[in-house]
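Trainee: Dropping a structure here in C-alpha cells format, bear with me for questions.
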Amino acid sequence: MITRRDFLKRTGAVTAGATIAAVGGINVKPVQAQITKIKLQVKEGRQVPSVCPYCSVGCGMIITESEGKITNIEGNPDSPINLGSLCPKGAAALQLAVNDERPEKVLYRAPHSTSWEEKPLDWAMERIAQKIKEDRDNSFIETQDGKLVNVNPALASLGGSTLENEWNYLHAKLMRGLGVVNVENHARI
Amino acid sequence: MPGLGTSYGRGGATSSARDLQDADCIVIMGSNFAENHPVGFRFVLRARDKGAKVLHIDPRFTRTSAMSSDYVPMRSGTDIVFLGALINYALQNDKYFKEYVVNYTNAPFIIKEEYQDTEDLEGIFSGFDPEKKTYDNSSWAYEREEVVLPEGEPANLSERLAREKLVGRPKRDETLQHPRSVFQLMKKHYARYTPEMVEEICGTSKEEFLMVAETVTANSTPERTTTFCYAMGWTQHTYGVQTIRAGAILQGLLGNMGRPGGGILALRGHANVQGATDLSTLWNSLPGYLDMPAKAREHDTLEDFLRAQMRPTSFWQNYPKYLISLLKAWYGDAATAANDFGYDAIPKTLGNHSHYKMFEDAYNGVIKGMMVIGQNPAVGGQNASFHRKALANLDWLVVKDPFLIETATFWYEAPEVKNGTVKAEDIGTEVFYLPSTVFAETEGSFTNTSRLLQTKEKAADPPGDCRSDLWFTYELGKKLKDLYKDSTAKRDWGIKNLTWDYEPDVNPRFKIQEPSEHKIIKEINGYDIATGAPLPGFGDLQDDGSTACGCWIYTGVLPEETVNRAANREGDDYQYLNWGFAWPANRRNLYNRASARPDGKPWSERKKYIWWDEAEQKWTGFDVPDFAATKAPDTPAVPGGVGLAAQSGKDPFLMLPDGVIQLFAPAGLADGPLPTHYEPPDTPVSTNLLYPNQTFSPTAVIFDHLPNNKVHGANNSDYPFVITTYRVTEHHLSGAMTRWLPWLAELMPELFLEISPELASELGVQNKDYVTVETARGKIEAKALVTKRMRPLKVEGKMVHTVGMPIHWGYSGISTGSVPNDLSAIVADPNVFIHSSKAFTCNVKKGRLPGGVA
Ligand code: SF4
C-alpha cells in the first residue's frame, strides 16, 4: 500500500510566524496523530490531494487515478478542516468527473437554428476571438462626457464562484485588457 | 463585502469553522449551517458537546435547529429588528464590554451637528435626495481637531498623497456621555428596538428574544466569547449589507472580535466565492480590493485616482504601491512612470455594471456577446425568465460548463419554448457550448470561507475536447493578442501590451497541458522586477515601478520560487498554520490584536490568543499577529503621521482610518451609517411599525421598468404568503453540478414546497399533492411537503404563513422541475446590488400547471 503521508504531506521551508508548540494548554499536536487510522478505500493507483469544488468549507479530498481514469474520490483524513469526512455532495464528486452525461465535443447553434452541430474546438475558439474583436472594434468607447474611458461595452463575462483562483485572476486581467466593464461572478457580499 | 469591511476593515470572514470549537455561545442566524456547510458544522457540535450554547434564529426549522440548544423562529426579512433589539438590550442593561468598546470602537467619537437620525426624520437619515433615491453622506462625518501636518519631505508617492489628504483626528469623549458621541447616537437610534417590537414585527415571543439576549451577553465577557455565523439569510435582502452591519455592531459592542471563539463567520456559498472576489471577477473592483476607476469620479489620471482613493491614516495608505505593482504585473516593461504605468488602459466604469444591470444591457442590445463560465443564469438568476429573455436578445453566447446546463439549452428547452410562447426559430442568439473539465482534471487553488488558499492537483486528463476554464481564457487571450498585434491604435494599447506568457510547465503524465499554475501564482504573489525573485510579503511592494504584484493580499503565498504555501499540508488541531495559506500573511483570526487588552496582556487566561511579549519586545501567541510585529502597546500615534504611524499601539483594526471598529459608519455605505429596519419590497404586513412613513428602504434599487418584474408591495391580498428560498444538502446552486449526478438526483429527486399543516389544511392540500405557486413575475408547480418545520407566526395581529422552496431546479439534467427563480423579482441593495430571495410573497393554489409549464 502506498503510504499516503509521504507524498500528500507537504510543507514549505517557511513556517508560520507564531511558535507552534503545546502552549497555554492548547493542543497543537498534528492532526494525523489524533485521528484513528482511516484506511483509504482504494489501494490501487496514484493518489493526489484535492479540494472539494462545491461549498466554501474547503474539505480536503484524495483522488485516486488509475491508467488515466479517476477511480475514487474520498475525504482526506489529514485535513484539519474535514478530518476525512465529506457531505453527500463531496462524496458524490466522483460522478462529477465520471459521468455519461458529459458532452465531449463543442456544440454550436447557428442563429435561429433548431439544432446543435458538433464543431472542432479550434474552430470555436477562433470564431469566438473574431466575434470579440469585431464587436469591440465596432462599439469601443474611447471618451465619454469629455473623459477618457476606454470601454468595450459590447462584451460581458459572467463567471462562477466555483472556479479556481488562477482562472479568476487571468480572466479578470484579460477582460480589463480588452476594456470590459461588464464582469461579474456569483459573489455579492 | 462592505458589511464587514466598513465595520472592521476587511470584507472576509474574521475566523474559521475550526475556531468555533472555542466559542461559549454560537449564534447561527440566516444560515442553515448543518445542511449547507455540513462538514464545517462538526465544529459547532464540538463546541456544543463542550458545553457551549448554540442558538439558531431562523424562519425555518431545519437540521441546524434540531442540533442547536435552542431554536428561535422569526419572520423572514426582519433580522435588523432582532439584532437592533440585541444592541439595545446590551446598551440599556450595561451589558456591553466597556473597556473594549471605549478602546477598540468608535463609540467615543463625536459626529457633526448636522447629522440627523432616522429617529429625527421618520425613517431616513440626513442627506437624502428623494429624486435620486441616494444619500449625500457629508453630514454623517466626525467632528475633527485641527489637522497637524508632518515636517520634512515625503519619502515616496504614497506618503506625498497621504499628506495631501490628511485631516484632523476625530474628537472623542471617552466617558461616552457626549450627546453626539456615536455611543449616545446609537442608544437613541435603537431605543425603540425593544423585545415588544421584536414580538410585533418578527413574530418572535418576548421570552424567546430575552433568552437569546441573556445568553449572548452572558457569554461575551473577558472570560467568554460568542460567535455569529451567517449566510444568505442575512445577505439576500434589499438591506443585506445593513443586516451584516447590525451583527457587526453587536459583536463590536460585546467585545467578541479578534478573540478565539468570537468573530463573525460568513458562510460563503461556493468553493471559491472568496477567491473570485479577492482576485476579482467583479465589475467594480480590481484584484486585492483595489477599485475600478469610474468615469463619475475624479479618476482622470493615475495620480487623480490614487489621490481620490487614498486613505491616509490606515494601512490602506499603501494603496499606490498595490495599484502600481498591479499595473506592472499586467503591462510589464510597457508600463512606465511616463505613461502612468498604463493606467489609461484600465477601462473606467460608466455607471453600474452589476449583474442585473448587465442583463438589462443584454436585453436592450447594448451588450452583444456574453461568456458564461461556471454560472447558470437561465435558471439561477432572479426572475430567471427575464434572464432568458436577455440571453435570447444577445448576438452570441458562450456557455462553458461540464454539462449541458439550462443557459446553453434555453433556446429549445425553456418553459416558454416548450409551451409555444416563444419559437426557437425566432431566437437569433448564436450559441457556443464548450465542454469543461471538472475540478479533478485541473490544478489550481480555491480560497475557502476562512480566506484559506488550498491547492489541488490534477488527477487525470479530461475526456474529449473538454478543456479547463484556465485553458480557455489563456488560449483566447493568445488569439486576441495575435489579432491585435499589429495595431497602432491607442485604444488597443492595453491588449497589445498585456503580459501573457503562461506556457505550460509540461507534465509528461498528461496529454493535455494546462497553463503554468506556477507562473500565475508567482505573478499573483508578486516579484522583484530587477531580480525576478518572489516577494515574501506585501511590505516589500513599492510604488516606483520596481515591483510587480497581481493581488497584494495574496503576497506571501509564494515566498520563494519553490515554496507554494497554499500547498502546505501539515495540519494541527488548533489553528493549523501549516495547512494552506490564509490571507493576509497567513493570519487565521483577523484583528487578533483585540484578543489582548490595550496594555497587551490577554483579556483572560481562558481566552488568551495573541499578546505582547515584553521580554522579546514583540507580539506572540497561537496565530500570526494581525498587527505590526514589534509595535509595543504603549506606542503613541504620531501627530501628523500617515499610514500605521497615525495609529497607536492599541488600535487593532488597522485597515480602518482610525484603527477601531466603526460602529457608526461615517462613509462607505449607500444606505445609512446605522442599520435600520425596513420591510422587504414584497411584505405581508401593511406598514413598518418602527417608521410608519417609511415602509421600504428608501435606497433599495427596484428594476420595475423590466418586463414582468413588478414587486408586490405591502399587504398585497393577491400574494398573501411569505416565501423563502434555500438550498438542500444534496444539491448546489442551480443544480449545474448536481442534477446531472445520478446519486444526488436520486437522493433528492424533485422540487417541493414546504408548507405548514395549518396552511395545508386551509388550502385543502395533502402531503405530495401538486401545488401551483404564483407571483407577479411567474408561475411554477411543485409537490407539497407538509411539515411542522414551517410555523405560522403572529404578526400585526394576524397569522402570517411562510412557505419554503429549494432553488436548485430547472428544465435540463437528469432531475428536472419548475424554475423556482422564475418567482422572484429583480430588486437590489444599493451597496452590492444583491437581490431579495429570502423574503418575498406569493400565492399557493392546489393543482398543477397545464402541461407542467407556465
Ligand atoms: S464535502 Fe460538503 S461540506 Fe465539504 S466542501 Fe464539499 S460541499 Fe462543502
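Trainee: Just to check your reading of the model, which residue among B:THR531, B:THR473, B:THR488 is of a type outside the set (A, V, I, L, M, F, W, C), surrounded by fewer than 18 Cβ atoms within 10 Å (Cβ to Cβ), within 29 Å of A:GLU134 (Cβ to Cβ) and at pLDDT 95 or above?
Mentor: Exactly one of B:THR531, B:THR473, B:THR488 is of a type outside the set (A, V, I, L, M, F, W, C), surrounded by fewer than 18 Cβ atoms within 10 Å (Cβ to Cβ), within 29 Å of A:GLU134 (Cβ to Cβ) and at pLDDT 95 or above, namely B:THR488.
Trainee: With the condition kept exactly as written, say whether any residue in the stretch B:576-598 is within 9 Å of chain A (Cβ to nearest Cβ), among the aliphatic types (A, V, I, L, M) and assigned to a loop (DSSP other than H, G, I, E, B).
Mentor: Within the stretch B:576-598 (the criterion being within 9 Å of chain A (Cβ to nearest Cβ), among the aliphatic types (A, V, I, L, M) and assigned to a loop (DSSP other than H, G, I, E, B)), the answer is yes, since at least one residue qualifies.
Trainee: Go through the residues of the stretch B:495-512 one by one and say whether even a single one is surrounded by 23 or more Cβ atoms within 10 Å (Cβ to Cβ) and either more than 8 Å from chain A (Cβ to nearest Cβ) or touching a residue at least 12 places away in the same chain (Cβ under 8 Å) (or both).
Mentor: Checked against the condition, which is being surrounded by 23 or more Cβ atoms within 10 Å (Cβ to Cβ) and either more than 8 Å from chain A (Cβ to nearest Cβ) or touching a residue at least 12 places away in the same chain (Cβ under 8 Å) (or both), the stretch B:495-512 yields at least one hit.
Trainee: Go through the residues of the stretch A:172-182 one by one and say whether even a single one is of a type in the set (D, E, K, R), within 7 Å of chain B (Cβ to nearest Cβ) and assigned to a helix (DSSP H, G or I).
Mentor: Yes; the residues of the stretch A:172-182 include at least one that is of a type in the set (D, E, K, R), within 7 Å of chain B (Cβ to nearest Cβ) and assigned to a helix (DSSP H, G or I).
Trainee: Collect the residues in the stretch B:114-146 that are free of Cβ contacts under 8 Å to residues at least 40 places away in the same chain and in contact with a Gly (Cβ under 7 Å, 6 or more places away or on another chain), keeping them in residue-number order.
Mentor: B:ASP136, B:SER138, B:SER139, B:ARG144, B:GLU145, B:GLU146
Trainee: Being out of contact with any strand residue (DSSP E or B) (no Cβ under 9 Å at 6 or more places or on another chain) and part of a loop (DSSP other than H, G, I, E, B) is the filter here, so list the residues in the stretch B:147-173 that pass it.
Mentor: Matches in the stretch B:147-173: B:VAL147, B:VAL148, B:LEU149, B:PRO150, B:GLU151, B:GLY152, B:GLU153, B:PRO154, B:ALA155, B:ASN156, B:LEU166.
Trainee: Pick out the one residue from A:ALA124, A:ALA154 that is free of Cβ contacts under 8 Å to residues at least 40 places away in the same chain, facing chain B (nearest Cβ under 7 Å) and surrounded by fewer than 24 Cβ atoms within 10 Å (Cβ to Cβ).
Mentor: A:ALA124
Trainee: Related question: Which count do you get for residues in the stretch B:370-397 that are within 24 Å of the chain's Cα centre (by Cα) and part of a loop (DSSP other than H, G, I, E, B)?
Mentor: The total comes to 6.
Trainee: Residues that are free of Cβ contacts under 8 Å to residues at least 12 places away in the same chain: which helices (runs of 4 or more DSSP H) entirely in the stretch B:222-330 hold 1 or more of them?
Mentor: Passing ranges, in order: B:273-279, B:302-309.
Trainee: What about B:LEU733, is it of a type in the set (A, V, I, L, M), within 16 Å of the ligand (Cβ to nearest atom), part of a loop (DSSP other than H, G, I, E, B) and touching a residue at least 12 places away in the same chain (Cβ under 8 Å)?
Mentor: yes
Trainee: I need a count of the residues in the stretch A:127-144 that are facing another protein chain (nearest Cβ under 7 Å) and touching a residue at least 24 places away in the same chain (Cβ under 8 Å).
Mentor: 2
Trainee: From the list B:VAL642, B:VAL638, exactly one residue is under 20 Å from B:GLY9 (Cα atoms), more than 11 Å from every other protein chain (Cβ to nearest Cβ) and not aromatic (Phe, Trp, Tyr). Which is it?
Mentor: B:VAL642
Trainee: Collect the residues in the stretch B:398-453 that are among the polar types (S, T, N, Q), assigned to a loop (DSSP other than H, G, I, E, B) and touching a residue at least 24 places away in the same chain (Cβ under 8 Å), keeping them in residue-number order.
Mentor: Residues satisfying the conditions are B:ASN419, B:THR429, B:THR437, B:THR442, B:ASN448, B:THR449, B:SER450.
Trainee: Among the listed residues B:ARG46, B:ARG18, which satisfies the condition of being in a helix (DSSP H, G or I) and within 15 Å of the ligand (Cβ to nearest atom)?
Mentor: Sole residue among the options that is in a helix (DSSP H, G or I) and within 15 Å of the ligand (Cβ to nearest atom): B:ARG18.
Trainee: For the stretch B:515-545, what are the residues that are touching a residue at least 40 places away in the same chain (Cβ under 8 Å) and assigned to a loop (DSSP other than H, G, I, E, B)?
Mentor: Matches in the stretch B:515-545: B:PRO515, B:GLY526, B:ILE529, B:GLY537, B:LEU541, B:GLN542, B:ASP543, B:ASP544, B:GLY545.
Trainee: Does the stretch B:246-263 contain at least one residue that is basic (Lys, Arg) and either closer than 29 Å to B:SER697 by Cα or surrounded by fewer than 24 Cβ atoms within 10 Å (Cβ to Cβ) (or both)?
Mentor: No; the residues of the stretch B:246-263 include none that is basic (Lys, Arg) and either closer than 29 Å to B:SER697 by Cα or surrounded by fewer than 24 Cβ atoms within 10 Å (Cβ to Cβ) (or both).
Trainee: Another one. Would you check which residues across the stretch B:18-48 are of a type in the set (Ser, Thr, Tyr) and away from every other protein chain (no Cβ under 12 Å) and list them?
Mentor: none
Trainee: So for the stretch B:652-662 (the condition being open to solvent by 20 Å² or more (accessible area, probe 1.4 Å) and farther than 30 Å from B:ARG42 by Cβ), does at least one residue qualify?
Mentor: Yes, there is a match, as at least one residue in the stretch B:652-662 is open to solvent by 20 Å² or more (accessible area, probe 1.4 Å) and farther than 30 Å from B:ARG42 by Cβ.
Trainee: Taking strands (runs of 3 or more DSSP E) that fall entirely within the stretch A:46-119, which contain at least 1 residues that are on the phi < 0 side of the Ramachandran plot, open to solvent by less than 10 Å² (accessible area, probe 1.4 Å) and more than 15 Å from the ligand (Cβ to nearest atom)?
Mentor: A:46-51, A:60-66, A:106-109
Trainee: Filter the strands (runs of 3 or more DSSP E) completely within the stretch B:765-854 down to those with at least 1 residues that are without any contact (Cβ under 8 Å) to a residue 12 or more places away in the chain.
Mentor: B:798-800
Trainee: Which one of these does A:ASP135 not meet: (1) in a loop (DSSP other than H, G, I, E, B); (2) under 28 Å from B:ALA294 (Cβ atoms)?
Mentor: (1)
Trainee: When you scan the stretch B:89-120, how many residues do you find that are assigned to a helix (DSSP H, G or I), open to solvent by less than 10 Å² (accessible area, probe 1.4 Å) and not aromatic (Phe, Trp, Tyr)?
Mentor: The qualifying residues number 3.
Trainee: If you check B:MET29 against the conditions, is it open to solvent by less than 10 Å² (accessible area, probe 1.4 Å) and either touching a residue at least 40 places away in the same chain (Cβ under 8 Å) or within 16 Å of the ligand (Cβ to nearest atom) (or both)?
Mentor: When the stated conditions are applied, B:MET29 passes them.
The values are calculated or read from the model by the stated rules, or taken from the named source; none is laboratory data. Bear in mind the structure is a predicted one, so any value in this text is a computation, not a measurement. Cβ coordinates were reconstructed from backbone atoms using ideal geometry, including for glycine residues, and neighbour counts include every protein chain displayed. Accessible surface areas use protein heavy atoms only, side chains included; no ligands, DNA or RNA. Shrake-Rupley method; radii C 1.70, N 1.55, O 1.52, S 1.80 Å.
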